[in-house]
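What follows is a short report on a single structure.
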Amino acid sequence: MREYRPNEIEKKWQAIWEEREPFKASNNSDKPKFYALVEFPYPSAEGLHVGHPRPYTALDVVARKRRMEGYNVLFPMGWDAFGLPTENFAIKNKIHPAIVTKRNIDRFRAQLKSIGFSFDWSREVDTTDPNYYKWTQWIFLKLFEKGLAYKHEMPINWCPSCKVGLANEEVIQGNCERCGGEVVRKVKNQWMLKITEYADRLIDDLELVDYIERVKIQQTNWIGRSEGADIDFQIAGKEDKLRVFTTRPDTLFGSTYMVIAAEHPLIEKYKDEIENIDEIREYQKEVSKKSDFERTELSKEKTGVEIKGIKAINPANGREIPIWISDYVLMTYGTGAIMAVPGHDTRDWEFAKKFNLPIIEVIKGGDIEKEAYTDIEEGVVVNSDFINGMNPKDAKEYMINWLEEKGLGQRRVNFKLRDWVFSRQRYWGEPIPLVHCDKCGWVPVPESELPVLLPDVENYEPTDTGESPLANIRDWVETTCPKCGGPAERETDTMPQWAGSSWYFLRYCDPHNDKELASKEALEYWLPIDWYNGGMEHTTLHLLYSRFWHKFLYDIGVVPGPEPYAKRTSHGMILGDNNEKMSKSRGNVVNPDDIVRDYGADTLRAYEMFIGDFEKSVPWSENGVKGCRRFLERVWKLQDILVEGEGYTKELEGSIHKTIKKVSEDFETLKFNTGIAALMSLLNEFNDHGSIKKEDLKTFLILLNPVAPHITEEIWQSIGLEGYLHEASWPKYDEEKIKDDVIELPIQVNGKVRGTIKVSVDEPQDKIREKAKEDPNISKHLEGKNIVKEIFVPGKIYNIVVK
RNA sequence: GCCGAUGUGGCGGAAUUGGCAGACGCCCACGACUCAAAAUCGUGUACCGUAAUGGUGUGUGGGUUCGACUCCCACCAUCGGCACCA
């Protein structure tokens, strides 16, 4: 028997697959289709680490299994290649980001190929390829055309000393990552996408899809639908009203002051009448340094300033109440103003305690001296005039109707979800295909002129005005207006990385189409994606953005269904062997190249699947890798115990059928670890038996093939089985062969197991009682006691309760 | 802080979803083979007992149940996301 040499046989089989293309998907086939998708990677300069192959192997297992089950499988791969790290790397090393990107992609592709994934490489996509981003730009134009893209003032993180806008990640505790200086928030006019217009559908349509529950919950909570009312508070002695959104109109009588966001326009409007405007300005400056995250922290000490000189009137009781500004109210949520009800809102309560503002109890049930009473399900309304005595829920309804009748407010559904800030002041992204003309305003670039190419330039350093680097390239910026032909300027902001990844799965269906983003037939054939797996870190943003774009494309008739993904699952992270997140700075990164070189791709794949619960994060262990290599060595040696004969070995038949069932089910339900454990157990049984027949081995090889495709193909060929393993059919099990006739039934006395007895599956209770009493280990626990109760669960347990 | 999740031997994990806790693998120990080592094969391996079909044991504290890793309540710890990292 020759030795198991993974490096040789893996190269051999990868060459054969390259040549024969068995994993190429067909756009017209009689077979049922199966579209399996994994999140395409960001091709970083560091290359792959062992975390990447985990989800890829998982869906590769599913894809390979489905092919053997007779499906036409689409399992594609591509590159999410625009983004900040590449741009920063390019600036630092003075290499063009396009060159860096190409280099990184080549490395990633070679690494992935060395692991033997069954991707259809003929459909590879790259978001930075003009033939790809042409269609990203096209989608943006459609959004613009339908009024879903608009300009709006939004704050960015601004480093005054570097004079650049920073990503949130580059802001470390309020300071610039590069120079350490203090970061402030600077308002810029940016392109926004109206995702909020789709908020209801993004929640409601979750009913149409099969996502793991925690993903649905995260999506729903992120969108954050809440029902309540807008209420207008008159500003005393003025025309203006101050509008608030509240989910608790039932507590309106308890509102003793108002709080507005530091950026609220009311302040500018009344600046001449505000007595302490300097104090207010000082506070605004402080707030501009904080992130929303810091501002809304519940546990932090409340801060704020009363606006002196203007007051509001509580519309329920006509009382004059003060207006404050505080950082815990955000301009981006609700209306940027709140009615404070300190008796029944935790943050308002803390604020009121600190600044000595009156706290009125309007819902009885708690102790508002100690803390805010926030329950809406229980309690009784008090101190509230005409709604006294109601329960808060009815009072809420009553108040909304009352407000509407009196013209003081109206029912409204509010969302936490905010519109999508779509502008970036960066070079390495898709140019936004719009032109600004003084006469015509914002004019779309005609479709025939797409793509708007990124200009090839030397310098992509940010400008010191906060504009995109593209703003410096005057001969690119200066153009003519497509509408009037007059002089005009191109938009210099680029799109965020999210843009390209919001529709890439559509391009896979028809990646070389130069007339459309993908043909209608291809989209109708492949969509929806049958199974999409990705990290939990993408459950809110990427998933939501791509669902939003898909729904938009559905509305304009481009895609055939309202949801892109029929099923979504999630994997856990692979940590370093010190149990920390793998990162260069922590020095715990494991490169899959090393594992492939030292142990082989099949060992890497088997370990990635065997390492632990697929959905949980787990530390890497080199010893675990060795264990999987040993397993494959033992698989290889099965060739030594092969004997002549037809069919399954009689004594092994039951186990083989059980294993087929177990593996078939586990590979579909993310339980790859126990599927492999079942194969290990079967292997141990083979070895205990001492000999196997060809049919036994054949079935074993097919079951193991999705996990370890190279070694199984090699053994298949070397024992003279016909054709290629990847053309074989997935085995079926026989339910009759799985049943056990005799089982070991555990016998409990008072819930403690005191012995087991052998019984046939359909043994009646009387017989079991008799047999149990005969067993000395059991009967000694029954002696001198009364049997109070007996519980018999056939096939599971027999419990005798004594006193 | 808010939203979501997780917690079981020395380690990764398993448990038919309320019915024998610890499958499978790693580590470790001992034995076989070897001049020796590695590799391989075999045996053992939750903890406390010399031992027992003894006792204890699934983050902590309480509860429901004939029976709880599994259900309920309270708490603690860790991880993911928080809108310009991807």
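The values are calculated or read from the model by the stated rules, or taken from the named source; none is laboratory data. Quick caveat, the model's predicted, so the values are computed rather than measured. A quick note on method: Cβ atoms are made from the backbone with ideal geometry, for glycine too, and the neighbour counts reach across all protein chains shown. Quick note on the areas: whole protein, heavy atoms, side chains included, nothing else; ligands and nucleic acids left out. Shrake-Rupley method; radii C 1.70, N 1.55, O 1.52, S 1.80 Å.
Rounded to the nearest angstrom and listed largest first, the equivalent-ellipsoid semi-axes of segment A:691-744 from its Cα gyration tensor are 26, 12, 10. Taking every DSSP bridge with both residues inside segment A:447-587, close to 45 percent are antiparallel.
Averaging the Cα positions of each part gives two centres, and for segment A:62-92 and segment A:399-417 these lie 47 Å apart. Over all pairs of different C-alpha atoms, segment A:238-369 has a mean inverse distance whose reciprocal, the Kirkwood radius, equals 15.1 Å. Over segment A:120-192, the hull volume per residue, using the convex hull of the C-alpha atoms, is 148 Å³. Net charge near residue A:787: determine it from the other residues with C-beta under 13 Å of the C-beta of residue A:787, scoring Lys and Arg +1 and Asp and Glu -1. It works out to a net charge of +3. Around the amide H of residue A:692, modelled in the peptide plane, lie the amide H atoms of A:642, A:643, all under 5 Å away and 5 or more residues distant in sequence or on another chain. Using only Cα coordinates, the Kirkwood hydrodynamic radius of segment A:365-515 works out to 21.1 Å. Projecting the Cα positions of A:237, A:209, A:562 onto the charge dipole of chain A (unit charges on Cβ atoms of Lys, Arg, Asp and Glu, taken about the Cα centre) puts A:209 furthest along the positive direction. Rounded to the nearest 20 debye, the dipole size of chain A about its Cα centre is 900 debye, using +1 on the Cβ of Lys and Arg and -1 on the Cβ of Asp and Glu. With coordinates expressed along the principal axes, the C-alpha atoms belonging to segment A:362-445 extend over 62, 34, 18 Å, beginning with the largest. Ranked by the mean number of other Cβ atoms within 10 Å of their residues, highest first, the peptides A:174-187, A:648-661 fall in the order A:648-661, A:174-187.
How far, in degrees from 0 to 90, does helix A:622-637 lean away from the longest principal axis of the Cα atoms of chain A, to the nearest 10? Computed tilt is about 30 degrees. Per-residue Karplus couplings for segment A:719-727, computed as 6.51 cos²θ - 1.76 cosθ + 1.60 with θ equal to phi - 60°, are listed in order as 8, x, 6, 6, x, 9, 4, 5, 9 Hz, Gly and Pro entered as x.
Taking other residues whose beta carbon is less than 14 angstrom from the beta carbon of residue A:90, and scoring Lys, Arg as +1 and Asp, Glu as -1, yields +1. The ellipsoid that matches the Cα gyration tensor of segment A:539-642 has semi-axes, each √(5λ) in whole angstrom, of 38, 21, 11, with the longest given first.
Inter-label distance, residue A:103 to residue A:770: 8.3 nm, where each label sits 7 Å from its Cα along the C-beta direction.
Going through the cross-link list A:188/A:439; A:238/A:364; A:142/A:416; A:11/A:102, which pairs have a Cα-Cα distance over 28 Å in this structure? Long pairs (Cα-Cα over 28 Å): A:238/A:364.
Distances between placed amide hydrogens fall under 5 Å for residue A:430 paired with A:495, all partners being 5 or more residues away or on another chain.
Taking the empirical scaling 2.2 N^0.38 Å for compact globular proteins as reference, segment A:439-591 has a Cα radius of gyration ratio of 1.39. Taking the C-alpha atoms only, the angle from helix A:709-718 to the longest principal axis of chain A is near 20 degrees. Placing unit charges on the Cβ atoms of the charged side chains and taking the dipole of chain A about its Cα centre, the candidate lying farthest along the positive direction among A:542, A:700, A:251 is A:700.
Coupling constants for segment A:136-150 follow from the phi torsions by the Karplus curve (6.51 cos²θ - 1.76 cosθ + 1.60, θ = phi - 60°), and in residue order they are 5, 5, 4, 4, 4, 4, 5, 4, 4, 4, 8, x, 9, 10, 8 Hz; glycine and proline get x. Compute log10 of I(q)/I(0) for segment A:268-346 with the Debye formula, placing one identical point scatterer on every Cα and leaving out solvent, at q = 0.12, 0.18, 0.22, 0.25 Å⁻¹, to two decimals. Debye output, listed in q order: -0.39, -0.89, -1.25, -1.42. Distances between placed amide hydrogens fall under 5 Å for residue A:190 paired with A:152, A:153, A:154, all partners being 5 or more residues away or on another chain. The distance from the alpha carbon centre of segment A:269-287 to that of segment A:739-803 is 81 Å, rounded to a whole number. Protection proxy ranking, highest mean first, for peptides A:578-590, A:394-406: A:394-406, A:578-590, where packing is the per-residue count of other beta-carbon atoms within 10 Å, averaged. Across chain A, the volume of the C-alpha convex hull divided among the residues equals 235 Å³ per residue.
Counting charges near residue A:629 (Lys, Arg +1; Asp, Glu -1) among other residues having Cβ under 14 Å from its Cβ returns a value of -1. Helical content of chain A, expressed as a calculated mean residue ellipticity at 222 nm, amounts to -10000 deg cm²/dmol (DSSP H runs of 4 or more residues, -39,500 (n - 2.57) each, divided by residue number, nearest 500). Residue A:154 exposes around 30 Å² of accessible area when a 1.4 Å probe is run over every protein chain in place. Mean sequence separation of contacting Cα pairs (under 8 Å, at least six apart), scaled by the length of chain A, corresponds to a relative contact order of 14 percent. Label zone of residue A:650 (point 7 Å out along Cα→Cβ, amide N under 20 Å): in segment A:680-715 this covers A:685-697. Computed about its Cα centre, the charge dipole of segment A:95-192 is approximately 200 debye, with only Lys, Arg, Asp and Glu carrying charge at their Cβ.
The residue among A:57, A:455, A:579 whose Cα reaches farthest toward the positive pole of the charge dipole of chain A, with charges on the beta-carbon of Lys, Arg, Asp and Glu, is A:579. The mean sequence distance of close C-alpha pairs (under 8 Å, at least 6 residues apart), as a share of the length of segment A:1-118, puts its relative contact order at 35 percent. For segment A:282-289, putting each phi into the Karplus relation 6.51 cos²θ - 1.76 cosθ + 1.60 with θ = phi - 60° gives couplings of 4, 5, 4, 5, 4, 5, 4, 7 Hz, in residue order, rounded to whole numbers and with x for Gly and Pro.
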